[in-house]
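Worksheet: the structure to be examined is printed underneath.
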Amino acid sequence: MAKNKLNTQAEELISIQVVNSIDYSFPTGPIMGKWFQGLKEKKFYATKCPSCGRTMTPPRGCCALCVVRSEEFVEVGPKGTVENYDIAYYASPDPLTGKVRSTPYAAVFVRMDGSDCDIFTHGIKDEDIPKLKRGVRVRPVWNEVRTGCIEDMLYFEIDA
Ligand SMILES: [Zn+2]
């Protein structure tokens, strides 16, 4: 039986950087459309289940527990409580640009005030990363220019 030989010479790989772009838009529908319109107006909306009364953020068109339509909107937040968080110390390259984000950065999983279930995930201000812990209160920081998209909110910051 032939013994496998470890290839110790690195083969030079050729890479070609291409940024793919597709001109595409998709309708948000009435439920997520209200959510994005709210972000444009610096508001957070939840839907309220007509059966059990729980509020869901971001809004859902159906309560998963009661399996009924939930089309009533209520405003929640703008502050919330960090339920959990994730700190990235090693960033993967962006698949579209190949650029690597500076680290560390973090995502926070926030239960908005007035929301009974579901967690809204967004970034947190870099300077607040060392102060992150479960239960810390946060508030949104808004983009000056808002167009009805997730970038309307820049990130959360600790509400001191
Ligand atoms: Zn329900």
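We did not get these values from a lab; they are worked out from the coordinates using the rules stated. Quick caveat, the model's predicted, so the values are computed rather than measured. Every residue, glycine as well, gets a Cβ built from its backbone with ideal geometry; the counts of neighbours run over all protein chains shown.
Before moving on, here are some points about what is shown:
- When the listed pairs LYS43/LYS99; LYS48/LYS131; LYS34/LYS131; LYS79/LYS99; LYS42/LYS133 are checked against a 29 Å cut-off, the alpha-carbon distance exceeds it for LYS43/LYS99; LYS48/LYS131; LYS34/LYS131; LYS79/LYS99.
- GLU157 versus ARG69: modelled label distance in nm, points set 7 Å from Cα along the beta carbon direction: 4.2
- Between the listed residues PHE73, LEU39, TRP142, the Cα displaced farthest toward the positive end of the dipole of the chain, a dipole computed from Cβ unit charges relative to the Cα centre, is found at PHE73.
- Where only DSSP H runs of four or more residues are counted, the chain gives -2500 deg cm²/dmol as its mean residue ellipticity at 222 nm, each run worth -39500 (n - 2.57).
- Here's how it looks for ASP159: its modeled amide H is under 5 Å from those of ARG137, VAL138, ARG139, which are all 5 or more places away or on a different chain.
- Segment 43-159 - convex hull of alpha carbons, volume per residue in Å³: 132
- Checking every one of the trypsin sites (Lys or Arg not before Pro) in segment 57-160 against DSSP loop status and a limit of 14 other Cβ atoms within 10 Å picks out LYS99, ARG101, LYS133, ARG134.
- Inter-centroid distance (Cα atoms) of segment 66-114 relative to segment 7-65, Å: 10
- Relative to the longest principal axis of the Cα atoms of the chain, the long axis of helix 29-40 makes an angle of roughly 90 degrees.
- Among the chymotrypsin sites (Phe, Trp or Tyr not before Pro) found in segment 49-96, those both in a DSSP coil and sparsely packed, with 14 or fewer other Cβ atoms within 10 Å of their Cβ, are TYR89, TYR90.
- Rel. contact order, % - alpha carbon contacts under 8 angstrom, at least six apart, segment 2-160: 20
- Exposure proxy ranking for PHE26, PHE109, based on other Cβ atoms within 10 angstrom of each Cβ and starting from the fewest, stands as PHE26, PHE109.
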